[in-house]
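These notes concern the structure reproduced below.
The values are calculated or read from the model by the stated rules, or taken from the named source; none is laboratory data. Note that the coordinates shown come from a computational prediction; the quantities given were computed from them, not determined experimentally. Cβ placement follows ideal geometry from the backbone for every residue including glycine, while neighbour counts extend to all protein chains displayed.
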Amino acid sequence: MGRPARLRDPTSRRLVTARRDTRWRGLAATLRSGHAAARALAVGDSRSFVRALFLASAVRLAVLSELLVPRSLQDVAELTGATRPERLEAWLDVGVATGELARRDGRYRVRGRRARALADQDPVLTAHYRSLLDYQAGVYADLADRLRDPPGDGRPDLEEHADVIAQVSLVAAPFVVPHLADAVAELHPARVLDVGCGTGVYVRALLAADSDVQVDGIDLATGVVARGEAELRAAGLASRAGLHVGDIRDWTPDADRRFGLITLINDIYYFAAGDRPALYERLATLLEPSGQLLVVTETRFGSVASAHLHLLLACQAGAASLPTESELVADLERAGFEIVERHRLVPTEPFVGLRARPTAPSAAS
């Protein structure tokens, strides 16, 4: 049986026409098959997903800063320790296809905005992309197992990825730091306690807000606290701040120290919902008579980010969960606090800052 006459035509113009007809027939078949719009959206999702995977793997390889100048395949193999150049080349081609890398004359360099920021070692972006593979994606990959965990069981993310989780949370720092500065300017506390201080980012922000203030920080993660202490020493701030490893629920400050301001920033959700009123009562005993408590947190409902974070928390070992804003207020009031100030800090996000004071002096004060 012979081919269609048009395909036997020797002119290139007729061949091109045949190919175009094939493409149009394929498109028409796709449209007739149903869910065409959903399929088109899925293609876009896949491209974004591949870009994110490429950048996350590039952070793991720690190679993008080396590609600020053009590098050959052999150069990149030596930098990464790759012994399978065909696989390395395939990976680099993904970077080129997504626009994050450029290739010219067999040499590769960073091109895309995200890749350039990562090459410049932007700490928040680096933590974000590292967490995609190390922390965020795992919940979805093993969700079936997590849905059958016994109570209290779950992923050990907080133990294994404490540093990267702390770094990712700093995406909100540009909104939190001015809020802290306002509270310090209004209250003029002599001493502040930062609960869940991590590496001391907000400890340093509090110190910068008032040259006379002294700050204590406490966190469960030994390694994170050690890093924070080193950064305080490097900044010449160690004489005004002290970081402690411990659980705030049973920690006793030196010399019965009391605080004019206590902050809980991006960590109230690690305490079980039923334990939060007791935590606030405990913190009230650490406040000066005129002291206040500042709680800053993402809350449940209102954005994709908050829903995603709530799932990550819910699948961890323990009983972590995002509170709703109304639950925050109710728990504080149940613990004997009254709300002094209440703000939505991040545009488009249910990320709030609540300042509260005890309605009656604590017996320990």
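Against the conditions (1) in a loop (DSSP other than H, G, I, E, B); (2) β-branched (V, I, T); (3) without any contact (Cβ under 8 Å) to a residue 40 or more places away in the chain, I339 satisfies every one except (1). Say whether the condition of being under 17 Å from T263 (Cβ atoms) and either outside the structural domain of V177 (by TED's automatic domain parsing) or not β-branched (V, I, T) (or both) is met by at least one residue in the range 306-320. Within the range 306-320 (the criterion being under 17 Å from T263 (Cβ atoms) and either outside the structural domain of V177 (by TED's automatic domain parsing) or not β-branched (V, I, T) (or both)), the answer is no, since none of the residues qualifies. The set of residues from the range 210-268 being charged (D, E, K, R) and under 15 Å from R191 (Cβ atoms) comprises D210, D212, D216, R240, D254, D256, R257, R258. Tell me, please, whether a residue that is among the small types (G, A, S), surrounded by 15 or more Cβ atoms within 10 Å (Cβ to Cβ) and within 22 Å of the chain's Cα centre (by Cα) can be found in the range 67-85. Looking through the range 67-85, none of the residues is among the small types (G, A, S), surrounded by 15 or more Cβ atoms within 10 Å (Cβ to Cβ) and within 22 Å of the chain's Cα centre (by Cα).
Filtering the range 226-263 down to residues that are among the hydroxyl-bearing types (S, T, Y) and within 17 Å of A209 (Cα to Cα), which residue is surrounded by the most Cβ atoms within 10 Å (Cβ to Cβ)?
Quick first cut of the range 226-263, residues among the hydroxyl-bearing types (S, T, Y) only: 239, 252, 263.
Next cut, within 17 Å of A209 (Cα to Cα) only: 239, 263.
Values: S239: 9, T263: 30.
Out of the qualifying residues, it is T263.
The C-beta contact set for the range 111-137 (first residue in contact (Cβ under 8 Å) with a residue 60 or more places away in the chain and among the aromatic types (F, W, Y), second residue surrounded by 15 or more Cβ atoms within 10 Å (Cβ to Cβ) and not in a helix (DSSP H, G or I), distance under 6 angstrom, 6+ apart or interchain) comprises Y135/H161.
Of all residues in the range 101-159, those that are part of a strand (DSSP E or B), assigned by TED's automatic domain parsing to the domain that holds A56 and not β-branched (V, I, T) total 7. In the range 275-289, the condition of being without any contact (Cβ under 8 Å) to a residue 60 or more places away in the chain and not in a helix (DSSP H, G or I) is met by no residue.
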